[in-house]
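First the structure, in the form of structure tokens, and then the observations on it.
The values are calculated or read from the model by the stated rules, or taken from the named source; none is laboratory data. Everything numeric here is computed off the predicted structure, so don't read it as measured data. Ideal geometry is used to build each Cβ from the backbone, glycine not excepted, and the neighbour counts take in all protein chains shown.
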Amino acid sequence: MQARILRIGVGIALMLTGYMVGTHTATSTHAQTMRGTVPPSYGRLVAGDSSSLWFEDNSGTLRQVSIPAGNTIYIITR
């Protein structure tokens, strides 16, 4: 008898949990668009990762352009 009541209680708890999870509305996060300008004197793009871009000029000097963290679309123009 106690096992049957326990099964019913667990079943009701699972049903309520499934209902609450299933009716939850998700909030969507949109990426922000940022614009930046890199001077042509920085040279060509040689490397990039999730937080920075690296440029090399004709004399071999490397320059780093940092990109802000987060959901960001970074548009660089020359």
**Study point:** Check on Val38, surrounded by 10 or more Cβ atoms within 10 Å (Cβ to Cβ), within 28 Å of Leu62 (Cα to Cα) and either at pLDDT 75 or above or of a type in the set (Phe, Trp, Tyr) (or both)
**Key:** yes
Exercise for review: Select from the stretch 49-69 the residues that are small (Gly, Ala, Ser) and surrounded by 11 or more Cβ atoms within 10 Å (Cβ to Cβ) and list them in ascending order.
Suggested key: Ser52
